[in-house]
1. Is it the case that the range 117-135 has a residue that's part of a helix (DSSP H, G or I) and either of a type in the set (S, T, N, Q) or in contact with a helix residue (DSSP H, G or I) (Cβ under 9 Å, 6 or more places away or on another chain) (or both)?
2. Say whether the condition of being in contact with a Phe, Trp or Tyr (Cβ under 9 Å, 6 or more places away or on another chain), surrounded by fewer than 18 Cβ atoms within 10 Å (Cβ to Cβ) and at pLDDT below 85 is met by at least one residue in the range 67-80.
3. May I ask you to verify whether Glu16 is within 23 Å of Ala134 (Cβ to Cβ) and surrounded by 15 or more Cβ atoms within 10 Å (Cβ to Cβ)?
4. Tell me the residue from Asp126, Asp62, Asp35 that is on the phi < 0 side of the Ramachandran plot and in contact with a Lys or Arg (Cβ under 8 Å, 6 or more places away or on another chain), please.
5. Given the conditions (1) in contact with a strand residue (DSSP E or B) (Cβ under 9 Å, 6 or more places away or on another chain); (2) without any contact (Cβ under 8 Å) to a residue 24 or more places away in the chain; (3) over 21 Å from Gln121 (Cα atoms), report the number of the one that Lys2 does not fulfil.
6. I'm trying to understand the selection: among the residues of the range 17-49, which are among the acidic types (Asp, Glu) and under 12 Å from the mean Cα position of the chain (by Cα)?
7. Restricting to the range 39-59, and then to whatever is surrounded by 18 or more Cβ atoms within 10 Å (Cβ to Cβ) and touching a Phe, Trp or Tyr at 6+ places or on another chain (Cβ under 9 Å), can you tell me which residue is nearest to His110 (Cα to Cα)?
8. Name every residue in the range 39-60 that is part of a helix (DSSP H, G or I) and β-branched (Val, Ile, Thr), in order of residue number.
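The values are calculated or read from the model by the stated rules, or taken from the named source; none is laboratory data. No experiment lies behind these values; they were computed from the predicted model shown. Here the Cβ positions follow ideal geometry from the backbone for every residue, glycine too, while neighbour counts run over all protein chains shown.
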Amino acid sequence: MKILVLGIGNTLLADEGVGIVAMQALESQFGAREDMEFVDGGTLSFTLAVPISECDALLVIDAAELGATPGTVRCFEGEEMDRFLGENRKSSVHEVGLLDLMSISLLTGHWPKQRALVGVQPAVVDWGEALTPAVAAALPEICTVACGIINRFAESAMHLS
């Protein structure tokens with residue numbers, strides 16, 4: 001079982017970088033595990049289709065327009081993640097979107113059965129090298145939610161083997 005933790009964002013655009021910051025925090029916690037890979041997805045590109053095709057479970061962390069208070073954390077798993085990506089095509093600084101990567105992966109038959117998106121409502125997506133206080137304060141919750149997902153992925157793999 002290989003779990004891919006993909007942090008997405010641009011750390012030069014304030015809260016847009018929350019996915020990268022959270023992924024780095026998780027990597028420092030889980031980094032020694034051989035069954036996990038941590039990837040800084042930056043602002044996305046089609047090259048991410050390769051690590052996605054090579055994993056059994058995918059966890060994506062990204063700033064997302066949730067229509068909520070800044071710092072709000074929401075998790076979308078499985079088909080719920082797919083629906084969220086399809087319904088929420090936001091204008092983005094990303095070269096390609098997660099929906100594009102999902103489409104490529106589905107076409108090649110490599111969209112992980114186990115997948116989740118942890119979305120965080122940004123306060124500011126503009127020039128700035130630090131997270132806003134509301135989003136920075138959400139980091140512990142983001143990591144707790146992500147750890148729960150990682151543990152569920154690992155547990156289901158143990159039941160399948």
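1. Yes, the range 117-135 has at least one match.
2. For the range 67-80, residues in contact with a Phe, Trp or Tyr (Cβ under 9 Å, 6 or more places away or on another chain), surrounded by fewer than 18 Cβ atoms within 10 Å (Cβ to Cβ) and at pLDDT below 85: absent.
3. Yes: the conditions hold for Glu16.
4. After ruling out the rest, the residue left standing is Asp35.
5. Here Lys2 clears every test but (2).
6. Asp40
7. Once the filter is applied, the top-ranked residue is Ile52.
8. Thr47, Val50, Ile52
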